[in-house]
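Structure, as structure tokens:
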């Protein structure tokens, strides 16, 4: 029996990268899935793949930057399965690196609308459903390692990601009494579609990350998914309010680098 056996679980940003890796792992661990992404064709294909392997999975096209879009995966879970037990709020994106003072207002707004406002809208919809269901639940946000450290050329996204770490604490304070655990993972760097812009903007960046990481390598997206699965499972039943680094040791040594 998998660690997510029978748990109705929403995954946002599920079309590619960490989200797709999480969907595949959660399915293998027995979750009943609702996969959401802005591009419906990607999650439709992934849901079909998982169903072919015997998993339960439905796909939803949803723009989480709107309240209606953030609600859609939750409504789909209730319609398909009658409950919501867990959610991995993974959707997010960042711009090509640039110094903070060189950012324009439109880029700032775009980054914060998706990464911070969109995640809050998802979290709000999920919390409401879990409270109404009376079953408790578990939610994991993907903050990225930018929630825990500073860095060069990424201040716009770091500000949004630090905000997500604050949401984790706020949700824990407000909803732990309802049996709802809220945590986050703070992944380091893996080769995914979301990081390709960084690699393209800075030749040798991947090698530099590997050299700066105590474990000496760039991650695989599935390694981040493993951490999220544990936090969503009952094996982490006494863990809430935590932003967990999954970064090969980067945050452990960053201040001395």
PRE zone check, label point 7 Å out along Cα-to-Cβ of residue 112, amide N under 18 Å, scope the stretch 64-99, hits 65-67, 92-96, 98-99
If you wrap a convex hull around the C-alpha atoms of the stretch 113-257 and split its volume per residue, what is the figure in Å³? 113
Gain in span if fully extended, residue 212 to residue 28, counting 0.36 nm per residue against the direct Cα distance: 63.0 nm
Can you tell me the relative contact order of the stretch 162-257? Whole percent, Cα pairs under 8 Å, sequence separation 6 or more. 41
To the nearest 500 deg cm²/dmol, what mean residue ellipticity at 222 nm is calculated for the chain from DSSP H runs of n ≥ 4 alone, each contributing -39,500 (n - 2.57), summed and divided by the residues? -13500 deg cm²/dmol
Length released on extending from residue 101 to residue 173, taking residue separation times 0.36 nm less the Cα-Cα span: 22.5 nm
When ranked by the protection proxy of mean other Cβ atoms within 10 Å per residue, highest first, what sequence do the peptides 87-95, 117-125 form? 87-95, 117-125
So the angle from the long Cα axis of helix 17-28 to the longest Cα principal axis of the chain, reported in degrees to the nearest 10, equals 30
Sort 2-13, 166-177, 51-62 by packing, meaning the average of other beta carbons within 10 Å per residue, with the highest value first. 2-13, 51-62, 166-177
Contact order normalised by length for the stretch 49-180, with contacts defined as Cα pairs under 8 Å and 6 or more residues apart; what percent is it? 28
What FRET efficiency do you get for residue 1 and residue 52 if R0 is 22 Å and r is their Cβ-Cβ distance, rounded to the nearest 0.05? 0.55
Compute the label zone of residue 159 within the stretch 113-135: residues whose backbone N is under 15 Å from the point 7 Å along Cα-to-Cβ. 113-117
Expected output is a single nm value to one decimal: the length gained when fully extending between residue 226 and residue 75, i.e. 0.36 nm times separation in residues minus the C-alpha distance. What is it? 51.8 nm
Using Stokes-Einstein with the Kirkwood hydrodynamic radius over Cα pairs, what translational diffusion coefficient do you get for the chain at 25 °C and a viscosity of 0.890 mPa s, in µm²/s rounded to a whole number? 135
Go through 156-165, 28-37 and give me the packing order, highest mean Cβ count within 10 Å leading. 28-37, 156-165
Let me check against my output: what whole-number percent is the relative contact order of the chain, with C-alpha pairs under 8 Å and at least 6 apart? 20
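Only the coordinates and a few stated rules stand behind these numbers; no lab work does. Computed from a predicted model, the values in this text were never measured in an experiment. Note: ideal-geometry Cβ built from the backbone for every residue, glycine included; neighbour counts use all protein chains shown.
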